[in-house]
Amino acid sequence: MTVAQYAEKVFLPSKRVTASEKTVYSYKWTFEKYIDPALGDLRLQDVTGTQINAFLLDYQATGAAHSSVVRLYAILKSFFKIAFLDSSIDRNPMERVQRPTARKDELQRQGPEAYTEEELAHILECLKGEPLKWRVYISLLCETGLRRGEALALQWSDIDFQALEVTVAATLEYTPERGIYRDTPKSGKSRVVDITPGTAGLLRQLQEEQAASCIAPFLFTQEGSPEPMHPDSPNRYMRSFGKRHGIDYFHPHKLRHTFASISITNGADIVSVSELLGHADTSITLRTYSHASTESRKRVSSIFQQALEQKKDRSG
């Protein structure tokens, strides 16, 4: 079979069993737009590491973001691994393909991964003059670390106003084929996160405001409709908000990083932060927030030393 034939008959069907519908759609789109035009007509057995390296370099040379190049590499790695394991090929060409590195100019353009506590305080101050639904949405992201789609999938039945808890049981996704739909969270399981009394108060206001125009199960809906908000809407709004208030790189995932970094550097343990973020295991949290873990470790060491010194002083 050719690369394109194997993708259609084997790779994509196998991913439909293990991956989310959105991920499968993304894989299919990537093959049709990028991989098939370059490699699709080649016999699976004939593809070499040299050809794949050239393909990735050509794609990177178009100005594609580093994350996009790495994603393409990851898809090809998974594709040829499956082909090798089922004996469709007797050698894996990806063994001779290095993970792409970022262009030098792209490294210089990247912004910081998380906001400082002072920057976050400024964001929350600017938020006071914004529409209620966006005040609620961004407040939730700031103090819970929810993913963009997880917040959009929240329903009123997920909010426990008395306990100040939110149950995260789904994520909101979109594909052109299916439209907007709820799916299981990335980790495959639900979790509970805490909210402050202030955010609970904002949620009450939003519930009342929403009830004046429609009755909806979702917290965040399209204007005057019970239908859930489109998953791309927060990105568009936050870009506009960032420009108006001079906030660089303002997007949902950066608030998630901010929640984790501030929590860890102020003494929160990795296991608890990992559970709140919905990571599959703590190694993901450790790898992603190693910088924050280092600061936290140093702080613990400092606290320990201070305790010893105080003990010596009392003993003396």
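Of note:
- Among the residues making up region 38-65, those that are outside any helix (DSSP H, G or I) and on the phi < 0 side of the Ramachandran plot are Asp41, Leu42, Arg43, Val47, Thr48, Thr62, Ala64, Ala65.
Table: residues versus (1) under 24 Å from the mean Cα position of the chain (by Cα); (2) open to solvent by 40 Å² or more (accessible area, probe 1.4 Å); (3) of a type in the set (Lys, Arg).
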| residue | (1), (2), (3) |
| --- | --- |
| Val3 | no, no, no |
| Glu8 | no, yes, no |
| Leu12 | yes, no, no |
| Lys22 | yes, yes, yes |
| Lys28 | yes, yes, yes |
| Phe31 | yes, no, no |
| Leu39 | no, no, no |
| Arg43 | no, yes, yes |
| Val47 | no, no, no |
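- Residue pairs meeting the criteria (Cβ under 6 Å; at least 6 apart or on separate chains; first touching a residue at least 12 places away in the same chain (Cβ under 8 Å), in region 5-30; second open to solvent by 70 Å² or more (accessible area, probe 1.4 Å) and part of a helix (DSSP H, G or I)): Val24/Arg16
- Subset of region 221-245 [of a type in the set (S, T, N, Q) and at positive phi]: none
- Applying a threshold of 7 Å to beta carbon distances and a minimum spacing of six or more residues, or different chains, the list of pairs starting in region 41-55 at a residue that is closer than 19 Å to Val69 by Cβ and ending at one that is assigned to a loop (DSSP other than H, G, I, E, B) reads Gly49/Val97; Ile52/Val97; Asn53/Val97.
- Checked against the criterion of being open to solvent by 60 Å² or more (accessible area, probe 1.4 Å) and either out of contact with any helix residue (DSSP H, G or I) (no Cβ under 7 Å at 6 or more places or on another chain) or within 22 Å of Pro100 (Cα to Cα) (or both), the candidates Ala54, Ala61 yield just one match: Ala61.
- Remark: Phe250 matches the filter, which requires a residue to be open to solvent by less than 20 Å² (accessible area, probe 1.4 Å), closer than 28 Å to Glu125 by Cβ, of a type in the set (A, V, I, L, M, F, W, C) and part of a loop (DSSP other than H, G, I, E, B).
The values are calculated or read from the model by the stated rules, or taken from the named source; none is laboratory data. Just so you know, these numbers come straight off a predicted model, no measurement behind them. Don't worry about glycine lacking a Cβ; one is built from the backbone with ideal geometry, like all the others, and counts go over all protein chains shown. Note: accessible area is taken over every heavy atom of the protein model, side chains too, but ligands, DNA and RNA are not part of it. Shrake-Rupley method; radii C 1.70, N 1.55, O 1.52, S 1.80 Å.
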